[in-house]
Each structure stands twice: as C-alpha cells, then as structure tokens.
Amino acid sequence: MQLNEIITGDNIEILKGFPNDCVDLIVTSPPYNNWRNRRTQKKREAYWERTNIVYDSHSDKESEEEYERKQIEILNEMVRVLKPTGTICYNHKDQIFNFQAKSPLTWILKSSALYRQRITWDRGGMQAYNPIRFYRVEEDIYILGKSYKGFKWNKEFAKYLSVWKISPSRNTYNHNATFPSELVERCIEAFTNKGDLVFDPYNGIGTTSLTAQRMERRFIGVDISEEYCNTARKRHEEPYQISLFL
C-alpha cells in the first residue's frame, strides 16, 4: 500500500491488499445504480438522456441483487481496513424503481459497518424528478464505523448540525456525478487530524483525494476508470494545490 497515490483498478481487489486497521477516514459515493425502466425512458427519452448519470468505465445497470451484494462486499472491506478510531462517510440516496423506494440502509445493515448517524445533504435542487411523489432535493451521508464509541471526533464541528446545505458540483472534467469539496471538507474536519489517512474507493476525478491533500492529510484514491484517474493525477499537479508534506 503506497500513500499519496491515485490507483486505477477494481476497488475491492485493491482493498484486499490493504492491511487491517490502517485508514482513518473513508469519504466516498458509489454509483447509485439509478437506471430507469424502459417504458418510462422511452416515453421521456430526451429527459432521461439529459439527467441519467453516465460513467466512463461503469454502466451502472446492475441487477438489484448484484448491486447490493457488491455494496455489502466493499463496505465489509472498508470496515476491515478502517482503524477502530476511524469513520466511513458513505454518500447515497434512496433508489426508486418501478415506483418502489429502497433505502441504502437495506444493505448497510447487512454489512459489518456499524450505523452511527445519517446526515442530510440538502443540494438545493434535483437531478431528476417524478411527478407522483414529493420532489427530492437531498441525498444522505451515512456515518458508519467499526465501533459505536471511541472514534476520533473533533467536537467543535458539531456546529454543522445534521442538515448540510451545500450546492452540488458542476459537471467538470467529463464527470457529472462529483460531490462538492465542501462536503468532503466537513467530513475531514470532523473525523481527522492533520497527517491522518483519507481514502476513497470511488475516487473519480479526485475530489476526496484533492481535498485531503489541501487539508494536509495523506490520501489514497482508487477508481476503475483510467481516464478519471489520469484527470485526478493532473489535478493534484496543478499549481494551486499545496505540496505534499509526506
């Protein structure tokens, strides 16, 4: 395991090479498997073409069973590599398919991750809507860990409360599913100190790793897309970023 690296590859396989109890904080947002049924897509083809998230190396069209299995597997690996004092900040939202809503807690509670809290991320807007239900303008950040107590916690940042109103990121660097740096900043402020190791197994174009570097934390970012990893590496080299201290 090398620190301050962006690694291209399958996140579960790469995680299996990490030792136990080595990561202080994981901030991540997996693909949501948020594909629509064909009847609705055909009816509003232009709309779904505009709002559906498209990734470089991931189709995001797995069966519910396969998606849930993979999320449980990677959550278990994240817990294994997490220090007893560490925290996982897992950004997700309810899945809606064939009019039925399904919470990420469905698979979180089947994993070895211990559920400590849920933060509401108020995006102030929506990516897509369905006129049969109240329009959702929020996503969730599930605060998970290895234990219910004894984790690292900088209590002065309790001031953020449990609803975070943060505008979403714009579509940049050919990736339209990035989360904003401010969201990562709050997680890092609350759960780490300088020099701690921050990890993202779905690092994309590097929001988590860049924010960790800027805040003087060590980082490791993993993504299956070589294009996204190359973009992240280039962003780390941009002159406005601070130099690595380790």
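How big is the antiparallel share of DSSP beta bridges in region 86-236, given as a percent to the nearest 5? Present the calculation step by step, with values, prior to reporting the outcome.
Values: 18 of 25 bridges.
Approximately 70 percent, going by the DSSP bridge assignments.
Among Ser181, Ser111, Ser29, rank each residue by its count of other Cβ atoms within 10 Å, from fewest to most, as a rough exposure measure.
Details: Ser181 16, Ser111 19, Ser29 23.
Listed from fewest to most nearby Cβ atoms, that is Ser181, Ser111, Ser29.
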> Among the lysines, which have Cα under 22 Å from the Cα of Lys16 when same-chain residues fewer than 8 positions away are ignored?
Replying inline: Lys70, Lys83, Lys110, Lys146
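How would Phe18, Phe219 line up from fewest to most surrounding beta-carbon atoms within 10 angstrom? Write out the running numbers ahead of the final one.
Working: Phe18 18, Phe219 26.
In order of increasing Cβ crowding within 10 Å: Phe18, Phe219.
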> Going by how many other beta carbons lie within 10 Å of each one, how would you line up Asp223, Asp94, Asp196, Asp10, fewest first?
Replying inline: Asp10, Asp94, Asp196, Asp223
> Where in region 82-98 does the amide nitrogen come within less than 19 Å of the point 7 Å from the Cα of Ser112, taken along Cα to Cβ?
Replying inline: 82-90
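Values in this text are rule-based calculations from the coordinates and carry no lab data. All values derive from a computational prediction rather than experimental measurement. A quick note on method: Cβ atoms are made from the backbone with ideal geometry, for glycine too, and the neighbour counts reach across all protein chains shown.
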